[in-house]
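J.: A single structure is presented below for examination.
FYI, it's all coordinate maths here, none of it is from the lab. Model, not experiment: these values are computed from the prediction. Cβ atoms come from the backbone with ideal geometry, glycine included; neighbour counts cover every protein chain shown.
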Number of protein chains: 2
Amino acid sequence: MPISKEQKQESRTKIMQSAASLFLQQGFANVSIDDIMLNAGMTRGGFYAHFESKEALYEYAVIQAARDGAVMHALDSGRQGKDLLRHIVDAYLSIGHVQQKASSCPLAFLAADVGREEKRVRTAYTHVFSQMIEQILNRLEALKDAVMARKVRAALAMMVGCVMVSRALTDQVLVSKMLEDCRRQVYQLLALD
Amino acid sequence: MPISKEQKQESRTKIMQSAASLFLQQGFANVSIDDIMLNAGMTRGGFYAHFESKEALYEYAVIQAARDGAVMHALDSGRQGKDLLRHIVDAYLSIGHVQQKASSCPLAFLAADVGREEKRVRTAYTHVFSQMIEQILNRLEALKDAVMARKVRAALAMMVGCVMVSRALTDQVLVSKMLEDCRRQVYQLLALD
DNA sequence: GTCTATAGAAAGATAGAC
DNA sequence: GTCTATCTTTCTATAGAC
């Protein structure tokens, strides 16, 4: 790849990472193109050399957010079977995930926004969701079957709902209960004890 | 109450209902005060006789959304015990709840937005969430105990996560799987079979 | 490809008539 | 209390220099 093409790709990636991070923290509508570009170390005007509109960027930002997310990193760690599942569940249903807005799960914190977007964005979300399920199942080896697939989907729904609700709550005792209740049920559902 | 006070209250309620409906469907940031007032049958200027700002309204809109929601209506239906639980779960984890943006659960579709708001809004959400759990438990009579409370919280998290994710997905086969998987697990968790 | 400057539209909030 | 009119800010997107 020529130098200029490489540099363009580098800028493009920076923009997508910046957008993914800001959309996760503040929501699509609350982030301006100015915010995205300054956060990426550039200025407003350069944006349209990479994306035709803010909406068009959203599609790629969803995929970028998944790539940078904690679940994908856990999948890259080489863990397998129940060890992998425990690792994902413990990290996901933690106070840190509720409090630190910096590294949040895109499946949870982009869901409401994405549900209101056009088809292209929702298709990107669907792809990310399906791939995440599939990759988890592929690391379960002997445990992988249709029943396990159903359990993983249900467990993921519970984890997503738990962190979403918890982040909106002000009562920290209730947040702790939610995390503990859901962790316990997911453990039981996936037979992780 | 004098006529004028009654009329003011009536207008105020209309504004809150209009806002609750629009915030649920489009998200807080995508709805303008103009939208809210026109949807309530009034015009822009009158807004500030009722609320000091759009943010201040949000707090009351969260409570109004819960009052108008399907779960509260199920609680008002007089059902009790497992019959009530089945009724709530079946209505919640349905294609209708995923597709019809008109009457959505505020605990799910306001969560991401509320999590980014100031304390007053999040306190209103916390109050709504706690009350919903408490009211469900109070209708379970003999079934009500600490273990059941844990199960209800976990079940609610799964239901919230399921409809949130499902509404963002484009693959309708996957949506059906999510709804069915979660319904099955919630039934098992709450012993509704 | 990235910059500064700016056009054009939309939004939150206020002023004053009735 | 509700209306129309308007101030001010902010945003998306474009134009033109380098």
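J.: Considering the dipole of the protein assembly as shown built from charges on the beta carbon (Lys and Arg +1, Asp and Glu -1) around the Cα centre, which of A:ALA20, A:GLY41, B:ILE95 is farthest to its positive end?
T.: B:ILE95
J.: Please report B:ILE88, A:ILE136 as a ranked list, fewest other C-beta atoms within 10 angstrom at the top and most at the bottom.
T.: Arranged by neighbour count, lowest to highest, B:ILE88, A:ILE136 become A:ILE136, B:ILE88.
J.: Once you average over the residues of A:167-177, how many Cβ atoms of partner chains fall within 10 Å of each Cβ?
T.: Neighbouring Cβ atoms belonging to other protein chains average 5 per residue here.
J.: Shortest first, in nm, what separates the label point of A:LEU38 from those of the same position in the other copies (7 Å along Cα→Cβ)?
T.: 3.1
J.: If you don't mind, there's one more thing I want to ask. Where does chain B land at 222 nm, in deg cm²/dmol rounded to the nearest 500, when only DSSP H runs of n ≥ 4 count, each adding -39500 (n - 2.57), divided by all residues? Show your work: numbers first, answer last.
T.: Working: 11 runs with 138 residues, N = 193.
The helix contribution divided over chain B gives -22500 deg cm²/dmol.
J.: Hey, which lysines would be in cross-link range of B:LYS177, C-alpha to C-alpha under 26 Å, not counting anything within fewer than 8 residues on its own chain?
T.: A:LYS82, A:LYS119, A:LYS144, A:LYS151, B:LYS82, B:LYS101, B:LYS151
J.: According to the Cα gyration tensor, what semi-axes, each the square root of 5 times an eigenvalue, does the equivalent ellipsoid of region B:69-189 have, listed from largest to smallest in whole Å?
T.: Its equivalent ellipsoid spans semi-axes of 22, 20, 13 Å.
J.: Could you give the dipole magnitude of region B:61-179 about its Cα centre, charging the beta-carbon of Lys and Arg +1 and that of Asp and Glu -1, in debye to the nearest 20? Kindly include the intermediate steps, with their values, before the conclusion.
T.: On the way: 16 positive and 11 negative charges, 41 e Å.
Dipole magnitude for region B:61-179 comes out near 200 debye.
J.: Kirkwood hydrodynamic radius, region A:3-65, all distinct C-alpha pairs: what's the number in Å?
T.: Computed over region A:3-65, the radius equals 11.4 Å.
J.: Fully extended, how many nm does the chain gain between B:ASN39 and B:ILE133 (0.36 nm per residue separation, minus their Cα-Cα distance)?
T.: Details: separation 94, 0.36 × 94 = 33.84 nm, distance 3.13 nm.
Stretched fully, the B:ASN39-B:ILE133 segment lengthens by 30.7 nm.
J.: What aspartates and glutamates does B:LYS54 reach when the alpha-carbon gap must be under 18 Å and sequence neighbours fewer than 8 apart in one chain are set aside?
T.: B:ASP34, B:ASP35, B:ASP113, B:GLU117, B:GLU118
J.: For the protein assembly as shown, treating each Cα as an identical point scatterer without solvent, what Debye log10 I(q)/I(0) comes out at q = 0.06, 0.09, 0.13 1/Å?
T.: Values, matching the q order: -0.24, -0.54, -1.09.
J.: Another question about this same structure. Give the residue list of GluC sites (Glu not before Pro) in region A:105-173 that are DSSP loop and have at most 12 other beta-carbon atoms within 10 angstrom.
T.: A:GLU118
J.: Could you state the angle between the C-alpha long axis of helix B:81-92 and the longest principal axis of the C-alpha atoms of chain B, as a value from 0 to 90 degrees rounded to the nearest 10?
T.: Once rounded, one gets 60 degrees.
J.: Are there any GluC sites (Glu not before Pro) in region A:1-94 that are in a DSSP loop and have at most 16 other Cβ atoms within 10 Å? List them by number. Please list the in-between numbers first.
T.: Details: sites: A:GLU6, A:GLU10, A:GLU52, A:GLU55, A:GLU59; in loops: A:GLU52.
When the GluC sites (Glu not before Pro) of region A:1-94 are filtered for loop state and at most 16 Cβ neighbours within 10 Å, A:GLU52 remain.
J.: Can you give the relative contact order of region A:107-193 as a percent, counting alpha carbon pairs under 8 Å and 6+ residues apart?
T.: Computed over region A:107-193, the figure is 28 percent.
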